[in-house]
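*Asks:* Quick one: the structure is below, and I'll ask about it shortly.
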Amino acid sequence: MKSEIWAIGGGKGGTGKSFVTSSIGMNLAQQGKRVTLIDADLGGANLHTFLRMKKPKHSLTDFFESKTPLSDIIKNTDVPNLRFITGDVRSLDTTGVKYAQKLKLYRHIRNISSDYVLIDLGAGSNHDTIDSFLVADRMIAVILPEETSLDNLYLFIKKVLFRKVNRLLGDYGLRDIARKAWEERNRKEIRNIKELILYVKNISPEIRTLVEKSLADFTLYIIVNQVKNEQHIETGFATKSILQQYFELDAKYLGYIRYNEFFWKFVKDTNSFKQFSPSVSTALEIGSIVQNLMENKQLNLSQVHNGI
Amino acid sequence: MEFNTDTLKKYLDILDLDPDSHPTPDEIYRAYHKLETFYTSDSIVLDPLDDELDDNERILILQKLEDAFHFLNDHFKAESQEEELLGSPENVNIEIEDTLVEYVPETDWEERVSLEDHIPISIEQTNEIEPEKEIEPVITLSNEEESENHVEYITPPATIETPIEIKSIPEPPKENGTHSLENLPVNGLVFQMVREKKGLSINDLASQTGIAERDLIALEMEQFEKFQEAGDLRYFIVSLAKALSMDHLRAAEEYMKRYRQWKREHEY
Ligand SMILES: Nc1ncnc2c1ncn2[C@@H]1O[C@H](COP(=O)(O)OP(=O)(O)OP(=O)(O)O)[C@@H](O)[C@H]1O
Ligand SMILES: [Mg+2]
């Protein structure tokens, strides 16, 4: 069986992407799933610190440059069933690695003997991040209940949409239409990505059908981290609604994680780390997010009101 | 009754309701109201989109939310009616279902599940939508002109060699200074938005006009079934429009048109 790829991103730095990646990974591993975590953060690979590990010697660079098989790069962690691969700056540099090579990487990743592969994308929204996001089976955005975080999320989504539409058009021999239109956006009076997509759709009914089909099977999963009050929790519903109604994407609100005053204690605590002690509310919150992911469900109002 | 699980789930999802639940009218209203408030207030989620999410865009979204509200409200009302008749849903027998439907008595179920008993009485709404904003262009998507001339579409080649000429987005009608809201055909949603723009709650309006809060809510939500007498409704609209400093003649004409349309559709 091929492994399922979940990518964790969302734009802004420091929202908790690495923490969420490692926690979801641990939770799945505790349930007996075979999990591989990949740190694809270009600038600040630090996923290993959440796994209480040193940065491994071998990285994806060796896969690209020396054709080292992934199986030699994967490291075991302290948690049974949980393994780890680190990327690094060189290996995932846009100029260094061609799209074809990246596709090859993802083919290999799918064939790792794991049930789940979780990719920590890091902050930002460069090509690699977007591409990794797009090849994943699930795209998870970790956001904070703050304006800058949402601003970053929208930017991220716009780039994802642009890239997705561009790639789709490319597949039908219509490369560069979207890019050219965007370059001439002033003359064409295209003000934003939404209008660009409208423009592209209006080229012909066939293109419209293609674009609509490709955007329809695109779901964005949202996690709101570091929430401190009920209003913060509701940010997730609002974000989901905007993504659905304005960006016309399918969006699901997986859940939230409260701000944990003893965050590092929680991460470093051998107990919560190894057994993912359910006495900790953070662990419970992660648990319900993982459950929603596995059952393809999401948070709803009655759960919030019943104080889940 | 036409039933489509996907549609039902979609609307439940839009309002963040549990897809397997049977929400009460109260829950449906609250869920709707929460999002509706979100789109008409300042919010960290909306602010970053300030320069692209104009009033027209917001109204389109609000209309979609309202559709969801109405669909769910009607659906679960009909469902509880069915339950009332058949005891529990398990008793529904497909063979007899059709005949049973004919015997729907005019019981008090309508009142039992009516929103009136459940809606929180005072709805505080003090947020304003930006009044200064100029009207933004509406992007017209329709290909109608072309499709009238060419009845069939011929599949184009996979590659397009010649540059494609696209009609540019039409200029917005320049309506010097007036806010787009005032120029929209008057319906329940417009009443609601004008009220909110003025920072008035339902409660405020009720004391100002003497119209009961539940009637004001029914008016805004276009729960036409609550208005038996067209004359009463017209009177309400005129009073309401005056209280909101809207053109009351136009309001009455346009709103009543929607009411009559609804009546025609629900006559039989
Ligand atoms: N639920 C939480 N409660 C309290 N603090 C948190 C929580 N989640 C994250 N943090 C804090 O935020 C910091 C950043 O978390 P993390 O490294 O997971 O973010 P990131 O999104 O991966 O950042 P980067 O973009 O730099 O990779 C953590 O070091 C921790 O101090
Ligand atoms: Mg990180």
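No value in this document is a laboratory result; all are computed from the given coordinates. Note that the structure is a prediction, hence the values are computed from the model and not measured. Here Cβ is always computed from backbone atoms with ideal geometry, including for glycine, and neighbour counts include all displayed protein chains.
*Asks:* Largest first and to the nearest Å, give the Cα extent of the stretch A:160-213 along each principal axis.
*Replies:* Cα extents, longest axis first: 26, 18, 17 Å.
*Asks:* If we sort A:226-232, A:283-289 on the protection proxy, mean other Cβ atoms within 10 Å, highest first, what's the order?
*Replies:* Numbers: A:226-232: 14.6, A:283-289: 19.6.
Packing order, densest peptide first, comes out as A:283-289, A:226-232.
*Asks:* Do any of A:164/A:194; B:9/B:34; A:54/A:158 go past 25 Å between their Cα atoms, and which? Show your work: numbers first, answer last.
*Replies:* Values: A:164/A:194 13 Å; B:9/B:34 19 Å; A:54/A:158 36 Å.
Flagged as over cut-off: A:54/A:158.
*Asks:* Using 7 Å Cα-to-Cβ label points, what is the residue B:67/residue A:67 separation (nm, one decimal)?
*Replies:* Between residue B:67 and residue A:67, the label points sit 5.5 nm apart.
*Asks:* For the stretch A:251-256, what does the Karplus curve 6.51 cos²θ - 1.76 cosθ + 1.60, with θ = phi - 60°, yield as ³J(HN,Hα) per residue in whole Hz, taken in order and with x for Gly and Pro?
*Replies:* For the stretch A:251-256, the Karplus curve yields 9, 10, 9, 6, x, 10 Hz.
*Asks:* Taking every residue in A:200-207, how many Cβ atoms of other protein chains lie within 10 Å of its Cβ, on average? Don't jump to the answer; show the numbers that get you there.
*Replies:* On the way: counts 1, 1, 9, 4, 6, 6, 4, 3.
For this peptide, the per-residue mean of nearby foreign Cβ atoms is 4.
*Asks:* While we're on this one: I'd like the mean, over residues of B:39-47, of how many other protein chain beta carbons sit within 10 Å of each residue's own Cβ. Don't jump to the answer; show the numbers that get you there.
*Replies:* Values: counts 5, 0, 1, 0, 8, 13, 17, 5, 3.
Partner Cβ neighbours, averaged per residue: 6.
*Asks:* Moving on. Along Cα→Cβ, 7 Å out, is where each label goes; now give me the distance between the ones at residue A:295 and residue B:250 in nm to one decimal.
*Replies:* The two pseudo-label positions are separated by 5.2 nm.
*Asks:* Please compute the average number of Cβ atoms from other chains found within 10 Å of each residue's Cβ in peptide A:229-241.
*Replies:* Numbers: counts 0, 0, 2, 1, 0, 6, 4, 2, 7, 11, 3, 5, 11.
Partner-chain Cβ atoms within 10 Å, mean over residues of A:229-241: 4.
*Asks:* Follow-up. For the pair residue B:47 and residue A:186, how long in nm is the line joining their label points, each one 7 Å along Cα→Cβ?
*Replies:* 3.0
*Asks:* Need the full-extension length gain, residue A:101 to residue A:134, defined as separation in residues times 0.36 nm minus the C-alpha distance. One decimal, nm.
*Replies:* Numbers: separation 33, 0.36 × 33 = 11.88 nm, distance 1.52 nm.
Going from the current span to full extension adds 10.4 nm.
*Asks:* Next question. How large is the dipole of chain A about the Cα centre if only Lys and Arg carry +1 and Asp and Glu carry -1, each at its Cβ, rounded to the nearest 20 debye? It would help to have the intermediate numbers written out before the result.
*Replies:* Working: 43 positive and 34 negative charges, 123 e Å.
So the magnitude is around 580 debye.
*Asks:* Separate question: Could you tell me the calculated FRET efficiency between residue A:148 and residue B:212, based on Cβ-Cβ distance and R0 = 56 angstrom, to the nearest 0.05? Walk me through the numbers before you get to the answer.
*Replies:* On the way: r = 45 Å, r/R0 = 0.80.
The formula returns an efficiency of 0.80 here.
*Asks:* To the nearest 0.05, what FRET efficiency results for residue B:239 and residue B:7 with a Förster distance of 35 Å applied to their C-beta separation?
*Replies:* 0.45
*Asks:* Classify chain A as rounded, prolate or oblate from the Cα gyration tensor: take a ≥ b ≥ c as the square roots of its eigenvalues, call it rounded if a/c is under 1.5, otherwise prolate when a/b beats b/c and oblate if not.
*Replies:* Oblate is the answer for chain A, as a/c is 1.5 or above yet b/c matches or exceeds a/b.
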